[in-house]
Structures are given as structure tokens and as C-alpha cells.
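Read-outs throughout are calculated quantities, based only on the coordinates presented, and are distinct from any laboratory measurement. Not measured: the values here are computed from a predicted model. Glycine also receives a Cβ, built like all others from the backbone with ideal geometry; neighbour counts cover every protein chain displayed.
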Amino acid sequence: MSDLIASNVDMTFTMPSGEQVHALKDVSFTLKEGELLSVLGPSGCGKTTLLNLIAGFLRPTGGNFELNGAEIDGPGVERGMVFQQGALFEWLTVAENVDFGLRMKKSPKAVNKKKVDEWLEIVGLQGFGDTPTYQLSGGMQQRVALARCLINDPDVILMDEPLGALDALTREKMQSLVLKIWKETGKTIMIITHSVEEALLLGERLFVMAPRPGRLHKEYKLPFAEWGLQQDLRDVKKHDEFGRVREEILTMIWNMEEEIMGKSA
Amino acid sequence: MSEIFQSPRGIFIGALFIVLIITLLWAIRFGRRLAKTEVTDLVFGNPQKAMGGYHWVVSGVATVLLLWLYFSWDAARAFFPNAGNELCQVAKVESAVIPMRTTFPFEERLLRGTTLLNRDATQLEILRNQIDSDRTDDAQKAQLLPILERLKALQTGLASPESVAPETVTALEAIAARVDAVAVKLDAAELSEEQLAAVADAKANQHGWGQGSPEIPDDPVTERGAIFAAVAPELTQISSDFVKVRNTNPAFLEEVAALDAEIKAIPKDEKVVSDFGKQLNKMLKRIDDGAVFPPGVLAPVEKSLANLHEVQLDKKGSLNWIDSIAMPGGRILAGNTACSEQGSGRWLPKPSDTVATFARLANPNIGFKNIPLLSIKQKPLAEMVGFLVPDWIADLVPGAYPRHDENGNIGENLKSKVLNIATGNFPSVSVPVPTGHIWDSIMRVLAGLFFGIILGVPLGLLMGLSRLAKGFFDPLIELYRPVPPLAWAPLILTIFGIQDDGKIFLLFMVAFAIMVISARTGATGTQLSKIHASHSLGASRWQILRNVILPNSLPEILTGIRISIGVCWGTLVAAEMLAGTTGVGFVENVARKQSDYEIIWITIIILGLLGLLFDLIMRWVINKTIPWRGKG
């Protein structure tokens, strides 16, 4: 029942100058419970707009989203979000950050503490509870952001280029962590990224979006996430099939970019 | 030099001066050595190079103290406690000969006669050009111009040695001889038994330099001083005789009378001509002074004065360099009643005097205007309750206040009892509370700041989040904020009174605007992703405000408080100067009216230290509360 359904979503921004920007056009899809979806596309194709709509920060100008049979109207705790820069509260410690959602719900402190410890262990930050977040590295900050989101037990996890700001090594570790969490919790996860490799690794399904107006261009069903759970991510990347799909998508996006350049020239 | 360190204060200051010099030299040497041995970054512009260096702090402090001791003449007074008195006697001689010396080019560039001739010639030339214009007709010119020519001839005639009357020459020679006689007397440096006894008496009974009033005691306490004091009255007499000598002779006086008659004959019915007549008369009155002499006639007096000056310098001896080196930036002048320090010795108070005055003011039993600077006072608790509890609470109690009965007795009921409590009218224990000028100033700042924060921060946050609030309140705040707080002061103090209310309201206005703007900047600067995150984590609006926007604005708010304290402090002092009966600004203002430089400097130092204290506290608070600032 807890599928995420987008039906004919349309989003048009009106600029202060009166100019209309068509960010999304007629987007429809169904994301089943426990699916791992990655969304890829050239810049300006409306990826982040799509995510903000699902999160409820924006209201679509046409169509609607449904989750658990109810229309999405405003932000909600059942749709957890992880941002590119973590968006941690730097005045709080790691534990207090992870604890944030529970405190807002006013759940009992003793229960919170136990949950926080559990989640810090899952994301590999045990012992860092009292550390101020600004003393953590970028990768550790993203682990805190993951734990802070997951502790609320959301139905859907929305990730907006969560690993974009990390270095290559940390990034790979974090990709494994995301896969592990997906497997262990069985959550529906939607990841937005501009890295083709990451989209392939972290997506059972993959949407490639096209710009002007933003729309779903092509959908892939991919085996790599499942593989990634069993073997090393680097081995997955070496696979011929992985290389073939990567080249196909890269060419597709390259052509889109060319088209945009041609249009604007 | 034998009288070095006469008083304990002198010993202390002298020792301090020497210790400071040694400290300064040590710190410089230490710093130079360190710079040589330390492995340093070769690159110019690396800010790391400015770190540390406490020996330079030591040398900076030592330099400031040395400069203060030196320019305030405190060091000079410690090392040469009699120099003030001796220089006072010299000053008496100097001021006695000033009327004579200004006639000659000693301190001036030109002989006074030269200056006068120059000035009068210029003015006669201007007058001639005015007369010789189309403002007068030919007949008038024919009447006025010859008078002008004769005035000029009369003036220049004074410069000719032939025109000088023999009596004048004799009088000037007599003056020169009298000056010479004084010089001989000064050179001989002999004192009578009486004068020696007077010196001994003054030495025994008169207070020292800076140890009473007047600051520099008048009677000579050394023989050297007494020699100068002895000749001063005679020189004063010679000076007054000298200025009476005029360059006049019968022919000159005759011509003056003739010109006077002709000028009086100028018709007064026509305005232009009568105006010129007045001007010609003015010139005549200047010239008939006879203040211009041929240079040769004055030469003997000039020579005698120069000689006297030589003798004076010779007799001053070591005082010459004490005067010029140990007492910089001014000198000691002899007035009509007493000698006084002039220049930096006057307006820069001596550290030792400043400390003594501060010790006197700090004594709570003396204080300033019967109010201590800072002290603890026993105050009944009731008074504070009365201050804190508003009186109108009693009005809310049902019923009526009791009225007096026919015997004049006043009963009590609940309402009147509540009123008694609200007005603080009940017996209670006394508790110690701080009091005094400094405390009053601090409390005013803190009260203004308190109201500024509790009203300004919420409004600022609201303005950062709501278009309505921003648009509505922005004009109000932006219209009153740019006005300098002191420009508001006369109005606010008139409306709210010169007591604490007015000042606190003024400070509230200052702090309020700053707090609104900083809280607003803080709220506006919240990253959207943090707001989004907290929404996704299930926070309500109030929770986001309380847990995200407020902490995120804290750096700006605390910076705002820090700025507010600084501005409030400055405004308060000025407001206290305008009106009031307590406070550090009030003390300084009264001291200003009395030209009491020591108290002025003490208040300046107190204000500086308190400002520094406030700032240090705020820095500490900032470091403790927002170590995460700028690291999000």
C-alpha cells in the first residue's frame, strides 16, 4: 500500500520578471515499497524540483503525488531527506543531531538514547555521540545525516546528491553503506545524482530525465545494486554489462547537452 | 640633586621610572634576540607571524607608562622636587622683563618700532587710495590728502635720530643702567641674612611641589631661587618705567596739535568726508603715542637686556636642562598670584597624583559629590519590592481604599495592604547591594540593553521571516535608527525626565535598533536546506523557530549585543553629561567644569576599563556559546 505514485505532475515556476519556466512536464511513475530508484539527468532537467515536490517543499502546478494512499501536501516525517551538504545543525552534537526528529516528537529520552546509539553503530559512528558535528569529516557528516533521517523510520528516503561533495574513496564506502541500509531496512529510496556510475550502482530502477521541459526520458531496470550487495563495488564496475549501460547513458546525456547548447546558440 | 626622593611618593615614582626603563630595554633586547634565533617563515604577509610576542606587550606597556611619567613631569618632580619652585622664581624674573623684551627682536622677528611703521604705512596707503577715488570730489581731495601726507611725515619723522629729544635719550640710558645694575646684582648672587632666614623658613614650613595648593609653592626654598626672587620686583618696576618713555619733542607735539585742529575742521555734514575724517583721526591717535624710536636710541637697553639674559641663563645652571629636557611640552609660568604648570604638565595629570586622587574618590565615605564611585550599601528589601512590583496591582484588588474616619484614623483593608507592598512601604530586612556612580552607569546600560534584547530579538526574527512584518516595521526602524543617539537625547530626556527612566529609554532605543537588525540578519541567513531538513524531521513552526532559526541567528545576535554594549556605553556617558546627578559621565562633566584634569583622566580610564571589561565578558560568552560559529 505504501507506494509512491506520481500522476501527471506538472511544475511551472513564475519568475519575478513574469517569465514562466516549465520545470517538469507530465511526470508519472509508481515507486513500489522497498524499491531503490536513482534519477539522472543533465543539469536543469528538474531532478531537484522533482525531489522537492515529493518532499512537500513545493506544490505542483498540475497533477499530484500520492503516498500511502494520501495526497502529499507539505513536508512530512514519513518522507525523510538527506541533503548534499548534510544540512546538519552545527550547534548540536552528533547525538543531538540524530536525536532531533525524536525530540520534536517529544518521545521519551531513555528510548531516544538507545535508538541513537543503535543508529550511530549502523552508520559506523559509535563513540562520536558527543562530538560537535563541525569537527567531523564530510563523509562522517553524511553518515550523521543518514542516521538523523533513518531514526524517524520514514517510508521513503529522498536523497539529493548525497555523496556529491565527497572524495572518491569516501564516496565508494558511502555507496556500500547506502546499499547495506537499503537491504537491511527495506526502505523505499530515491537518489538524485549527476554521476552515471553512482546512478547505476544505487538504482534497481533508473530514470534518465531530459530537460526543457523536465520530463522522464527513459527508464532502466538494473541488476547492479543486487550485485553490489554480494560483491565488491569495484568488481561490479569492471563488469562488461556495467560498462555498456554506462556508455549508453553517457551518450544519451551527452546528446541532450549538445542539443541544449545548439538550442541556446 | 641632593634633594632627590624627598617624599615617599617621589621615591616610588623615581624607582618605577628606572625599573620601567630597564624593563623596556630588556624587552627590546629579548625580542631582537628571539627574532634572530627563531626559525621564521621567510614570507612577508603570513599572519602567523603576528602571533604571540608577549615581550612586545611588555615593551608597549612600559613605553606608555614612561611617556606618561615623562610628559606629565611626574618623573621630573620625583628626581628634582625643588625644580618647580626654582623655575617659579625664574619665571617671576621672566615675566617681569617681558614688557621690555617684547620691544626688541628677542622672541619676535622685528623690532616693535619696525612693525608699527610697517602697519601704519600700509594703512595710510589704503586710506589714500580710498580718498583718491571717485567717492570724493576734487575740493574734498584737496582738503583730505594734504592731512594724510602730513600724518605720514609725522610718523616717519619719529625714526630720525635728530628728532629725538635729549631727555628721551637720557631716560633710556638710565633704564639701561638700571637693568645693568640688576644684572650685576644677580651675578653677585648675594643674599641678606633676612633673605637667607626666609629661605630656611620656607624650606621648613612650605609644602612641597604638588603636595598642596597651590601646586607650586610661591616662596623660594633654595638660595638659587631666592636670588631670582630678590631681583624680580625691581625688574617689574624698571619695565613699568620703560613703557612710559615716549619719543616726543616740542615740534612733534606742535604738529600733532595742528593736525588735530585740521582734522576737527573737516566738515561733518557729508557722510563720506566725515568718515574719512574719523579714520584720519584714528591714525593720528596711533601716531601721537610716540612708540617708534630710531633703532640706535634703543640700543643700550637692548644690550643691557641681552646681558641680563646671559646672566640669567648662567645663574639658572642645571635648571636650564631640567627645564628643557626633564619637563617637556611646556613650562612653569608665574601668574599674578601663583606659579602654575603649563602645557603637558598641566593637562596630563601625574600618575602619582592620579592614583592619589583615585584613592580619595574610591573611599566610599568621600566619593564624588557625596556619592561613592563603587561601594556596597545596606538597602531594605522592601525598597526593591516596591521598585519591581508595579503600583497599579493594588488598583486591581476589589474594593475601595480606606478613608479616614472622624478621629483622623486611617483603617486598613486588603487593598491598602497590597498597595503598601507594591510601594515598598513595609518593614523588611536590609540586604547589601552595590551602589555608586560606576554601578549606576553599569545598571543603566544593562537595563537599556535588557529591554533592547527582549523586544528587539523577537521582532528581528519575525522581520526576517515575514514579509508583512519586514515591510511594516522596516520604515519605522530605518527612520529612527540613523539619527545619532545624542540627537535624540534632548527630546527623550525632556519627555522621560533626567532620572534613570530617560537614560534607560534612550539606551533601549539604541540597543533595540541594533538587536532588530542583527536578529533579522541572523534569521535571514538561515540555510534553506536546514529549514527543509527540520521540516522533514517533523518539526513544527514553533519548533523550527526555537530549535533552528534562533540558534542559527545566535552569532549575529551576540555580535549585535556586543556592538550594542559599546554604543550604549558611549551614549550613556554623553547622556549623563547632558543631565543627571550620578554616573561616570556626570563625574566627568563636573570635573570638566572645574578644569580638574586628574578626575577627567580618572573617569576616562574608568570608562575605558569598564568598556574593555564588557567586551571581554562578551568575547568569553561568544566563545562559550557559539564555538561552532562559521563552521556550519
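Worth a mention:
- Summing Cβ point charges (Lys, Arg +1; Asp, Glu -1) relative to the Cα centre of the range A:61-144 gives a dipole of roughly 280 debye.
- Sequence of B:I622, B:I287 once ranked by neighbouring C-beta atoms within 10 Å, starting from the fewest: B:I622, B:I287
- The shape of the range B:82-348 comes out prolate: with a ≥ b ≥ c from the C-alpha gyration tensor, a/c is at least 1.5 and a/b beats b/c.
- Cα shape, the protein assembly as shown, gyration tensor, a/c 1.5 rule: prolate
- All Cα pairs of chain A, percent lying beyond 29 Å: 34
- Summed residue charge, Cβ within 14 Å of B:A575's Cβ, Lys/Arg positive, Asp/Glu negative: -3
- Average beta-carbon neighbours from other chains, 10 Å sphere, peptide A:55-64: 1
- Cβ screening of chain B for cysteine pairs under 4.7 Å finds these without a partner: B:C568.
- Distance from the range A:148-181 to the range B:373-421 (C-alpha centre basis), Å: 67
- Here the protein assembly as shown is assigned +1 on the Cβ of each Lys and Arg and -1 on the Cβ of each Asp and Glu. Its dipole about the Cα centre then comes out at about 2200 debye.
- Among the listed pairs B:K503/B:K530; A:K113/A:K183; A:K32/A:K237; B:K316/B:K593; B:K503/B:K624; A:K109/A:K173, those beyond 29 Å (Cα-Cα): B:K503/B:K530; B:K316/B:K593; B:K503/B:K624; A:K109/A:K173
- GNM top mover of A:R103, A:R171, A:R205 - chain A, alpha-carbon springs below 10 Å: A:R103
- Under Karplus coefficients 6.51, -1.76 and 1.60, residue-wise ³J(HN,Hα) of the range A:99-109 in Hz, glycine/proline x: 6, 3, x, 5, 5, 5, 7, 6, 7, x, 5
- Taking amide H as placed 1.01 Å from N in the peptide plane, A:N64 has its amide H under 5 Å from the amide H of A:S7, A:V9, each at least 5 places away in sequence or on another chain.
- Reducing the range B:580-598 and the range B:113-192 to their Cα centroids gives an inter-centroid distance of 51 Å.
- Other residues whose C-beta falls under 9 angstrom from the C-beta of A:N68 contribute a net charge of -4, scoring Lys and Arg +1 and Asp and Glu -1.
- 5 Å-binned pair-distance histogram of the range A:7-164 (Cα, whole percent): 2, 8, 16, 19, 17, 14, 11, 8, 4, 1, 0
- Simple rule: put +1 on each Lys or Arg Cβ and -1 on each Asp or Glu Cβ in the protein assembly as shown, find the dipole, and look at B:I131, A:A145, B:L117; the Cα lying farthest toward the positive end is A:A145.
- Among B:I549, A:Q85, B:L145 the positive-end extreme of the charge dipole of the protein assembly as shown (Cβ point charges): A:Q85
- Of the residues A:M159, A:M15, A:M81, the one that moves most in a GNM of chain A with alpha-carbon contacts below 10 Å is A:M15.
- The chymotrypsin sites (Phe, Trp or Tyr not before Pro) of the range B:1-107 that meet both conditions, a loop assignment by DSSP and at most 14 other Cβ atoms within 10 Å of the site Cβ, are B:F44, B:F106.
- The local environment of B:K350, defined by Cβ-Cβ distances under 14 Å, has a net charge of -3 under the rule Lys, Arg +1 and Asp, Glu -1.
- Residue among A:G243, A:G44, A:G63 with the largest mean-square fluctuation in a Gaussian network model of chain A, springs linking Cα atoms under 10 Å: A:G243
- Dipole in debye (nearest 20) - the range B:8-78, about Cα centre, beta carbon charges: Lys, Arg +1; Asp, Glu -1: 140
- Calculated FRET value between A:A168 and B:Y480, using beta carbons and R₀ = 45 Å, to 0.05: 0.20
- Under the Debye formula (equal points on every Cα, no solvent term), log10 I(q)/I(0) of chain B at q = 0.11 Å⁻¹: -1.16
- Look at where the Cα atoms of the range A:189-235 and of the range B:476-516 average out, and the two centres are 62 Å apart.
- Here the Karplus relation 6.51 cos²θ - 1.76 cosθ + 1.60, evaluated at θ = phi - 60°, turns the backbone of the range A:27-39 into coupling constants of 8, 9, 6, 10, 10, 7, 4, x, 7, 10, 10, 10, 10 Hz, with x for every Gly and Pro.
- Dipole of the protein assembly as shown computed with +1 at Lys/Arg Cβ and -1 at Asp/Glu Cβ about the Cα centre; of A:Q231, B:G386, B:T23, farthest Cα towards the positive end is A:Q231.
- Taking B:D137, A:D155, A:D240 and counting other C-beta atoms within 10 Å, the order from fewest to most: A:D240, B:D137, A:D155
- Ranked B:L313, B:L554, A:L50, criterion: other C-beta atoms within 10 Å, fewest first: B:L313, B:L554, A:L50
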